[in-house]
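S.K.: First, the structure itself, so that you have it in front of you.
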Amino acid sequence: MTDRPKLSLYLRTFSDGPELDWQGTLDTARAMDAAGVDRVVVSDHVAFGENLAAYSDPALGGTAGGRQPTGPDGHWMEPVVLLTAVAATTQRIRLGTGVLLAALRRPVVLAKQLATLDALSGGRVDLGVGIGWQREEYEAAGLAFERRGRLLDHTLEVCEALWTQQRAAYHSPELSFDGIHQMPKPVQAGGIPIWVSGTVNPAVARRLSRFGKRWIPWGPAISDLKGAVPAMKKAIADAGGDPSDLQVQGSAALARSSDRSIDVAACIDAVTQLVADGATDIRFSGGLPRDPAHAAEALAELVSAFRRATD
């Protein structure tokens, strides 16, 4: 387990509106960095079909009651490229995906991109991955939606081989290679930390056991960490893993006061409960003041209160 809970902030890198201020997005990331936020987290979509109602269908990987935040023509920035821009203009904040649909990328290329970003950023990358909910996105990439779980495992297997082996070898039904060299390696020892998104189920538990026990809860687990964390630890143990050092993301919205400023006390109340329920990393989502100076001031107050509550 980590020494103390970490504070992450979700950075909105998509828009459904006609006015696109991507420079403002980078300014917000810099404000997070200046305020002492531990990690900035961004989401992912490569393409859209038109059946966005699938987002709320748990049978397809969605979450009951959820809603896709844009229409099919919403603007979504590619997360690895976006985080590279963030890395170039920040100093210390960690760079996370929450989540990357890693199986949509060719594994050898993704391994290279992420290792390069880790090297350029001084070892600041966290890779959060998930299988997604959208059939059309897989079909557009020429991939079988029904195999998305195995495709994700395959992608992570190749990345880990290339990150950790000087003369890499890999053999699976999808791909085989021997004597492959790929540099640079990630700066972080053992490769880039992998966070796995998913509900409490055997497949996700096996993935956590194999690729690093860092969990991004999904579906009902998001709002029931108190029950979900013990259930996931049992599932990991049933899969043959050791759940004792499981790291868990807890999700919270940035609470607002009547004047729309951040209600720091309410945010900390949420943190206290999430940590008690087993969270080791708290990810806040919600809009920040558009002015970078005001955003940095508001975030500095939140960070200071978070440290007092969790140190």
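Residues checked against (1) assigned to a loop (DSSP other than H, G, I, E, B); (2) closer than 19 Å to V129 by Cβ; (3) open to solvent by less than 60 Å² (accessible area, probe 1.4 Å):
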position	(1), (2), (3)
R210	no, yes, no
G227	no, no, yes
A237	no, no, yes
G278	yes, no, yes
F284	no, no, yes
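S.K.: For the condition among the small types (G, A, S) and within 23 Å of D277 (Cα to Cα), what is the one hit in A189, A231?
M.R.: Details: A189 fails: within 23 Å of D277 (Cα to Cα).
Checking each option against the conditions leaves just A231.
S.K.: If you don't mind, another one. Among residues belonging to region 6-63 that are hydroxyl-bearing (S, T, Y) and not in a loop (DSSP other than H, G, I, E, B), point out the one that is farthest from V81 (Cα to Cα). If you could, list the steps in order and put the result at the bottom.
M.R.: Initially, region 6-63 is screened for residues hydroxyl-bearing (S, T, Y), giving 8, 10, 13, 15, 25, 28, 43, 55-56, 63.
Those left that are additionally not in a loop (DSSP other than H, G, I, E, B): 8, 10, 15, 25, 28, 55-56.
Details: S8: 19, Y10: 16, S15: 17, T25: 13, T28: 16, Y55: 25, S56: 28 Å.
Ranking the qualifying residues of region 6-63, first place goes to S56.
S.K.: Sticking with this one: In a helix (DSSP H, G or I), in contact (Cβ under 8 Å) with a residue 12 or more places away in the chain, open to solvent by 20 Å² or more (accessible area, probe 1.4 Å) and closer than 16 Å to R30 by Cβ: which single residue out of A296, A270 fits that description?
M.R.: Working: A270 fails: closer than 16 Å to R30 by Cβ.
Only one candidate passes the filter, namely A296.
S.K.: How do the pairs read when you match residues in region 233-253 that are under 23 Å from V99 (Cα atoms) with residues anywhere that are of a type in the set (D, E), using Cβ under 8 Å and keeping only pairs 6 or more apart or on different chains?
M.R.: I236/D242; Q247/D281; V248/D281; Q249/D281; G250/D277; G250/D281
S.K.: Quick one: is P184 farther than 14 Å from L127 by Cβ and either assigned to a strand (DSSP E or B) or free of Cβ contacts under 8 Å to residues at least 40 places away in the same chain (or both)?
M.R.: Working: farther than 14 Å from L127 by Cβ: yes; either assigned to a strand (DSSP E or B) or free of Cβ contacts under 8 Å to residues at least 40 places away in the same chain (or both): no.
Taking the combined requirement at face value, the residue does not satisfy it.
S.K.: So the check is Cβ under 6 Å with 6+ separation or different chains; which pairs have a first residue in region 144-159 that's closer than 12 Å to L175 by Cβ and a second one that's open to solvent by 10 Å² or more (accessible area, probe 1.4 Å) and among the charged types (D, E, K, R)?
M.R.: From region 144-159, the pairs are H154/E174.
S.K.: Something else: Kindly provide the set of residues from region 146-171 that are open to solvent by less than 20 Å² (accessible area, probe 1.4 Å) and either part of a loop (DSSP other than H, G, I, E, B) or among the polar types (S, T, N, Q) (or both), ordered by number.
M.R.: T155
Residue-wise test of (1) closer than 25 Å to L60 by Cα; (2) at pLDDT below 95; (3) of a type outside the set (S, T, N, Q).
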residue: A161; (1), (2), (3): no, no, yes
residue: S197; (1), (2), (3): yes, no, no
residue: A203; (1), (2), (3): yes, no, yes
residue: R210; (1), (2), (3): yes, no, yes
residue: R214; (1), (2), (3): yes, no, yes
residue: D238; (1), (2), (3): yes, no, yes
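S.K.: Inside region 120-143, can you point out the residues that are among the aliphatic types (A, V, I, L, M) and without any contact (Cβ under 8 Å) to a residue 40 or more places away in the chain? Don't jump to the end; show me each part of the working.
M.R.: First, pick out the residues of region 120-143 that are among the aliphatic types (A, V, I, L, M): 120, 125, 127, 129, 131, 140-141, 143.
Once the filter is applied, which keeps residues that are among the aliphatic types (A, V, I, L, M) and without any contact (Cβ under 8 Å) to a residue 40 or more places away in the chain, region 120-143 yields only L120.
S.K.: Would you confirm, using the coordinates I've provided, whether R135 is crowded, with 20+ Cβ neighbours inside 10 Å and either in contact with a Leu (Cβ under 9 Å, 6 or more places away or on another chain) or among the hydrophobic types (A, V, I, L, M, F, W, C) (or both)?
M.R.: Details: crowded, with 20+ Cβ neighbours inside 10 Å: no; either in contact with a Leu (Cβ under 9 Å, 6 or more places away or on another chain) or among the hydrophobic types (A, V, I, L, M, F, W, C) (or both): yes.
It is false that R135 is crowded, with 20+ Cβ neighbours inside 10 Å and either in contact with a Leu (Cβ under 9 Å, 6 or more places away or on another chain) or among the hydrophobic types (A, V, I, L, M, F, W, C) (or both).
S.K.: For region 28-42, which residues satisfy the criterion of being out of contact with any strand residue (DSSP E or B) (no Cβ under 7 Å at 6 or more places or on another chain) and either open to solvent by 40 Å² or more (accessible area, probe 1.4 Å) or without any contact (Cβ under 8 Å) to a residue 60 or more places away in the chain (or both)? Walk me through how you get there before you give the answer.
M.R.: Here is the first cut: in region 28-42, the residues out of contact with any strand residue (DSSP E or B) (no Cβ under 7 Å at 6 or more places or on another chain) are 28, 30-31, 33-36.
Matches in region 28-42: R30, A34.
S.K.: Looking only at region 45-65, how many residues end up being among the small types (G, A, S) and loosely packed, with under 15 Cβ neighbours inside 10 Å? Give the steps one after another, and end with the answer.
M.R.: Going residue by residue through region 45-65, those that are among the small types (G, A, S) are 47, 49, 53-54, 56, 59, 61-62, 64-65.
Subsequent filtering for residues that are loosely packed, with under 15 Cβ neighbours inside 10 Å retains 47, 49, 53, 59, 64-65.
Residues in region 45-65 being among the small types (G, A, S) and loosely packed, with under 15 Cβ neighbours inside 10 Å: 6 in total.
The values are calculated or read from the model by the stated rules, or taken from the named source; none is laboratory data. All values derive from a computational prediction rather than experimental measurement. Quick reminder, even Gly has a Cβ in these numbers, built from the backbone with ideal geometry, and neighbours come from all protein chains shown. With ligands, DNA and RNA removed, areas are computed over all heavy atoms of the protein, side chains included. Shrake-Rupley method; radii C 1.70, N 1.55, O 1.52, S 1.80 Å.
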